[in-house]
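Engineer: Dropping the structure in here first, questions after.
The values are calculated or read from the model by the stated rules, or taken from the named source; none is laboratory data. None of the values given here were measured: they were computed from a predicted structure. A quick note on method: Cβ atoms are made from the backbone with ideal geometry, for glycine too, and the neighbour counts reach across all protein chains shown. Calculation scope for accessible area: heavy atoms of the full protein, side chains included, ligands and nucleic acids excluded. Shrake-Rupley method; radii C 1.70, N 1.55, O 1.52, S 1.80 Å.
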Amino acid sequence: MKQQQRLNTALCTIFLTVATVSSNMLGQNSRPEAETQPNVVFFLVDDMGWQDTSVPFHTETTDFNKRYRTPNMERLAEQGTLYTNAYASCPVCTPTRVSIMTGQHPARLGITNWTLHAHRDSSAGHDRLRSPAWNTQGLQPDALTLAELLQANGYCTIHAGKAHWGALDTPGADPLNHGFDINIAGHAAGAPGSYYGTDNFSDEVRRGKPQGNSPWPVPGLDAYHGQEVYLTEVLTKESIKAIDDAIAVNKPFFLHLGHYAVHTPIMADPSFIDHYPELSKREAAYASMVEGVDQSLGQLMDALDERGILDNTIIIFTSDNGGLSGRAGASENHNAPLRHGKGFAYEGGVRIPQIISVPGSQSSRTDRVTVSQDLFPTILQMTNTEIPIEAANQMDGHSIVDSLDGKNPDAYRVVGWHYPHQWTQPGPGLQAFTSIRAGNEKLIYFYGDEQFELYDLEDDISEKNNLASAQPHRVEELSQLMRHWMRQTGAKTPINKETNQPLSLPSLHAWSSQQSNSDPMLIEDE
Ligand code: CA
């Protein structure tokens, strides 16, 4: 690993030179010094649900909060801002991840589903609908990324863990092509072959199969092969080494640590599995993975503290989509009180835990609605990094620096989600959809059923009471907002297999013709 360290240091040094040139290109006269420029730790947990923590994001402490042991998330919440209404840009991985990196909505990028094979739609089948054309290659080097901008502003940019931005065998699969100086274990795949060093982090080794054919083995961790180590702890250890390399060359750092956990395969973390005797084997394994991630957060905070830089480091803790529900059988809702989980239009699919700690911040809690793409301008503002005009023009995210004191200055915000795909086999609530939240109202349109659903999240966070039939005027108004938002972002609707034509934008016309209490006076905007 010493060779790797030297390489990392060399890379940082090289980029020190390049960054000076680049920052001049961005119109900045001086590069902030490492002592004053805050470091950034972006701690992204994969598939972590809103309830997968002992930190209560709901108005009350839930049974799930009592189940999980996450003292370090509690520690971060004690020094940072807790976002109760934080959302992922999409209920699955890649679209959210690329929105963080670009500040753009996945619909604008055309990256609306998870990626793996460059020319294959990863969507499941539907009897009447298929996906619209979308960018199955994922994010490619022509995109201007968060890491590139921070790199140009003098940061040593470190990626560790899951990337999942670009498809296999494309340049976009490699974090080094997205503005990262260092890549530890990131590539095209969105899950690890195994969490165990004794499996070489490979599904092929885990299953005793011939090697070299699977996309899932985690790359770049050969030094740990055969060892009794868990992937989460290895990524933490390597991240801390990379931080030390950045410190050694007196550079501020941007650590983008995307843990593979707590995504499937659900594999027990041996350090913590004994803490959950009351749970089923699978649920205990999941809880141990959550606790492993929590330990990682604590180890990083300790490492920053020991190096005297905790007070000058921004820490952002977040997830990329809702928690996987139904892990131990179809009946249990793992995101309760939220409805359903990963892949779904409902809150369980998109509402995520999020905490942001900045130098000097104190514990606070805000109901400000925020979506993953907001983190792009937020991080750039916090690091005094200029956003080039071409990026600003395409940006869907809003900086949320104004809520770091717990305030909510944008109480009636409109945000949208667009997933014109079938995630897994169709089921209730699991189909292609577009949804918007405006204030506390949420309108969902399901393309397969051609149905709107309307919920008031203030009174009904569990989305049990569909108000669409009772409040057609609200459906009409909000569907106009939805169509406006879709035109703005370029959101494409699913294709009708029979006609080979895209479906119309969600409209009350088509829908109301099926309702007995439709209002003939409703006016369409198209
Ligand atoms: Ca995910």
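Engineer: Could you check how many residues of segment 287-315 are in contact (Cβ under 8 Å) with a residue 40 or more places away in the chain and away from the ligand (no atom under 16 Å from the Cβ)? Step through it out loud before you land on a result.
Structural biologist: Narrowing segment 287-315 to residues in contact (Cβ under 8 Å) with a residue 40 or more places away in the chain: 287, 289-301, 303-304, 307, 309, 311-315.
Filter once more, so that each one left must be away from the ligand (no atom under 16 Å from the Cβ): 287, 291-292, 294-301, 303-304, 307, 309, 311-315.
Total meeting the criteria: 20.
Residues are listed down the side, and each one gets a yes or a no for (1) under 24 Å from the mean Cα position of the chain (by Cα); (2) buried (at least 21 other Cβ atoms within 10 Å of the Cβ):
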site: Asp269; (1), (2): yes, yes
site: Phe272; (1), (2): no, no
site: Lys281; (1), (2): no, no
site: Gly298; (1), (2): yes, no
site: Gly308; (1), (2): no, no
site: Thr313; (1), (2): yes, yes
site: Ile316; (1), (2): yes, yes
site: Asn333; (1), (2): yes, no
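Engineer: Looking at Gln79 and the list (1) within 16 Å of the ligand (Cβ to nearest atom); (2) open to solvent by 10 Å² or more (accessible area, probe 1.4 Å), which single condition is not satisfied?
Structural biologist: (1)
Engineer: Does segment 94-109 hold any residues that are of a type in the set (A, V, I, L, M, F, W, C) and closer than 15 Å to Trp134 by Cα, and which are they? Walk me through how you get there before you give the answer.
Structural biologist: Of the residues in segment 94-109, the ones of a type in the set (A, V, I, L, M, F, W, C) are 98, 100-101, 107, 109.
The answer is Val98, Ala107, Leu109.
Engineer: Is at least one residue of segment 277-286 touching a Ser or Thr at 6+ places or on another chain (Cβ under 8 Å) and either part of a loop (DSSP other than H, G, I, E, B) or in contact (Cβ under 8 Å) with a residue 60 or more places away in the chain (or both)?
Structural biologist: So in segment 277-286, the residues touching a Ser or Thr at 6+ places or on another chain (Cβ under 8 Å) come out as none.
No.
Engineer: Let me ask something else. Sort through Pro265, Pro270 and tell me the only one that's under 22 Å from Ala188 (Cβ atoms) and either of a type outside the set (D, E, K, R) or without any contact (Cβ under 8 Å) to a residue 60 or more places away in the chain (or both). Before the answer, list the steps.
Structural biologist: On the way: Pro270 fails: under 22 Å from Ala188 (Cβ atoms).
The match here is Pro265.
Engineer: Now for a separate question. Quickly run through segment 105-119 and pick out the residues that are more than 20 Å from Leu324 (Cα to Cα) and crowded, with 24+ Cβ neighbours inside 10 Å.
Structural biologist: At the first step, the residues of segment 105-119 found to be more than 20 Å from Leu324 (Cα to Cα) are 105-111, 117-119.
Scanning segment 105-119 gives His105, Pro106, Ala107, Leu109, Ile111.
Engineer: Also, quick follow-up: Suppose the filter is assigned by TED's automatic domain parsing to the domain that holds Pro56, surrounded by fewer than 15 Cβ atoms within 10 Å (Cβ to Cβ), at pLDDT 95 or above and not in a loop (DSSP other than H, G, I, E, B); does Asp302 pass it? I'd like the intermediate steps shown before the answer.
Structural biologist: Numbers: assigned by TED's automatic domain parsing to the domain that holds Pro56: yes; surrounded by fewer than 15 Cβ atoms within 10 Å (Cβ to Cβ): yes; at pLDDT 95 or above: yes; not in a loop (DSSP other than H, G, I, E, B): yes.
So Asp302 fits the description; yes.
Engineer: Say we look at segment 55-76 and pick out the residues that are among the hydroxyl-bearing types (Ser, Thr, Tyr) and open to solvent by less than 20 Å² (accessible area, probe 1.4 Å); which of these is farthest from the ligand (Cβ to nearest atom)?
Structural biologist: Our first condition is that a residue be among the hydroxyl-bearing types (Ser, Thr, Tyr); within segment 55-76, this holds for 59, 61-62, 68, 70.
Among the residues that remain, those that are also open to solvent by less than 20 Å² (accessible area, probe 1.4 Å) are: 62, 68, 70.
On the way: Thr62: 22, Tyr68: 18, Thr70: 18 Å.
Among those that are among the hydroxyl-bearing types (Ser, Thr, Tyr) and open to solvent by less than 20 Å² (accessible area, probe 1.4 Å), it is Thr62.
Engineer: How many residues does segment 151-178 hold that are under 19 Å from the mean Cα position of the chain (by Cα) and open to solvent by less than 10 Å² (accessible area, probe 1.4 Å)? Show your work before the answer.
Structural biologist: As a first pass, look at segment 151-178 and keep what is under 19 Å from the mean Cα position of the chain (by Cα): 157-167, 172-175, 178.
From what is left, the residues that are open to solvent by less than 10 Å² (accessible area, probe 1.4 Å) are 157-167, 172, 175, 178.
Looking only at that region, the number is 14.
Engineer: Could you please find all residues in segment 164-215 being closer than 18 Å to Ile266 by Cα, within 16 Å of the ligand (Cβ to nearest atom) and without any contact (Cβ under 8 Å) to a residue 40 or more places away in the chain?
Structural biologist: Matches in segment 164-215: none.
Engineer: Would you please name the residue that is surrounded by the most Cβ atoms within 10 Å (Cβ to Cβ), looking only at residues in segment 180-207 that are under 21 Å from Ile240 (Cα atoms) and among the small types (Gly, Ala, Ser)?
Structural biologist: The residue in question is Gly186.
Engineer: Select the strands (runs of 3 or more DSSP E) contained entirely in segment 393-508, then report the ones holding at least 1 residues which are of a type outside the set (A, V, I, L, M, F, W, C) and either modelled with pLDDT under 95 or open to solvent by 50 Å² or more (accessible area, probe 1.4 Å) (or both). Spell out the reasoning first.
Structural biologist: Numbers: elements: 414-419, 433-438, 441-446, 451-456.
Correct list: 451-456.
Engineer: Across segment 104-123, what is the number of residues that are in contact with a helix residue (DSSP H, G or I) (Cβ under 8 Å, 6 or more places away or on another chain), assigned to a loop (DSSP other than H, G, I, E, B) and farther than 17 Å from Val350 by Cα? Break it down into steps so the answer makes sense when it comes.
Structural biologist: Initial filter on segment 104-123 (in contact with a helix residue (DSSP H, G or I) (Cβ under 8 Å, 6 or more places away or on another chain)): 104-109, 111-115.
Then drop every residue that is not assigned to a loop (DSSP other than H, G, I, E, B), which leaves 104-105, 111-115.
If we keep only those that are farther than 17 Å from Val350 by Cα as well, we get 115.
Going through segment 104-123 one residue at a time, the tally reaches 1.
Engineer: Return a yes/no flag: does segment 120-139 have any residue that is more than 19 Å from the chain's Cα centre (by Cα), hydrophobic (A, V, I, L, M, F, W, C), open to solvent by 30 Å² or more (accessible area, probe 1.4 Å) and within 16 Å of the ligand (Cβ to nearest atom).
Structural biologist: no
Engineer: I've got another one for you. Mind checking which residues of segment 343-363 are more than 16 Å from Ile444 (Cβ to Cβ) and within 16 Å of the ligand (Cβ to nearest atom)?
Structural biologist: Ile352, Pro353, Gln354
Engineer: How do the pairs read when you match residues in segment 95-107 that are over 19 Å from Arg487 (Cβ atoms) with residues anywhere that are assigned to a helix (DSSP H, G or I) and within 12 Å of the ligand (Cβ to nearest atom), using Cβ under 7 Å and keeping only pairs 6 or more apart or on different chains?
Structural biologist: From residues that are over 19 Å from Arg487 (Cβ atoms), the pairs are Thr96/Ser372; Ile100/Ser372.
Engineer: Checking the structure you have, find out if any residue of segment 365-376 is free of Cβ contacts under 8 Å to residues at least 12 places away in the same chain and part of a strand (DSSP E or B). Quick ask: steps written out before the conclusion?
Structural biologist: We begin by selecting, within segment 365-376, every residue free of Cβ contacts under 8 Å to residues at least 12 places away in the same chain; these are none.
The answer is no; no qualifying residue exists.
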